[in-house]
Amino acid sequence: MDSLAKRTFRLDLMRAPFHGFVQEGLVNLALIIAIRHFDGSQLTKSVMAAAIPLGLLLNPLTLSWGARSGKSIGTLALGWLTLGAIATAIAALVPSLELFTLCIVVAGFTHAQLSPLAIQVYTHNYDKSERGKRLSGSSLAAAAGAGVLTYISGKILDFQLDYYPWVLAALVASFLMAGYVFKKIPVRQFDVKDTGNPWVNLKWSWHDKVFGLMLFAWMFMGIGNLMTLPLRTEYLANPEY
């Protein structure tokens, strides 16, 4: 592994635990707060659960905009995550369910914009022969960080629910740390081809039959996951169940 790949991998391992905690915090901890503290309605909880998937759905548009903006990949990542940190900080302070929901939706949307930017980094900085191994290392670090930090946060909420602003403050810090570390990863600018039609790469779903079949299967599995994960939190956190 060359020096660029080594530095990228080292920094990505530092970023991944914070990224994982933000992911789980917005999916689970925010729902727990909405259920237990705000007694959220089914509509508000559904909107919150849809924030990250909606952000992922709009990735082609935001990626195309980012490429045309002329900003570096690291700057875009830091910008999105800083916006998510601001939204989460406001969520920790607002007294109403509606404002809390809006802030969590914004935070989830901005968090989702990191995925295509990270793919740009991995594509540029890792050789294809080692890319899978490096990505698996980052995924394990993200899972470990999410597990530890979410467990501690859950204990805090169980001990005293009114401490939830401190849990959200930890999410704010994780947003900022993930953005700061990502900004330090060296990566070249977007390719010129990235600035064109944001939907052009969908052609590979039918030009490459195996890839298209994988996307089709993944879509159905993803729909199942996206429907089930918020329900898991609902059943575990809502006193009604």
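For the reader, a short list of remarks on this structure follows.
- Looking only at the range 64-81, residues that are within 17 Å of residue 124 (Cα to Cα) and surrounded by fewer than 19 Cβ atoms within 10 Å (Cβ to Cβ) come to 3 in all.
- Long-range neighbours under 9 Å by Cβ, at least six apart or interchain, first residue under 15 Å from residue 117 (Cβ atoms) and assigned to a loop (DSSP other than H, G, I, E, B) within the range 186-208, second among the aromatic types (Phe, Trp, Tyr) and at pLDDT 80 or above: 198/65
- Output for the range 43-62, where each listed residue is free of Cβ contacts under 8 Å to residues at least 60 places away in the same chain, surrounded by fewer than 21 Cβ atoms within 10 Å (Cβ to Cβ) and within 11 Å of the chain's Cα centre (by Cα): 56
- Residues in the range 171-188 that are of a type in the set (A, V, I, L, M) and either farther than 18 Å from residue 83 by Cα or open to solvent by less than 40 Å² (accessible area, probe 1.4 Å) (or both): 171, 172, 178, 181, 185, 187.
- Residues of the range 1-42 that are open to solvent by 60 Å² or more (accessible area, probe 1.4 Å), among the aliphatic types (A, V, I, L, M), assigned to a helix (DSSP H, G or I) and modelled with pLDDT under 90: 4 alone.
- Of all the criteria given as (1) under 19 Å from residue 19 (Cβ atoms); (2) surrounded by 15 or more Cβ atoms within 10 Å (Cβ to Cβ); (3) of a type outside the set (Val, Ile, Thr), the one not satisfied by residue 132 is (2).
The values are calculated or read from the model by the stated rules, or taken from the named source; none is laboratory data. Since this is a predicted model, take the numbers as computed values, not measurements. Here the Cβ is made from the backbone with ideal geometry for all residues, glycine too, and neighbour counts use every protein chain on show. SASA here: full protein model, heavy atoms, side chains in, ligands and nucleic acids out. Shrake-Rupley method; radii C 1.70, N 1.55, O 1.52, S 1.80 Å.
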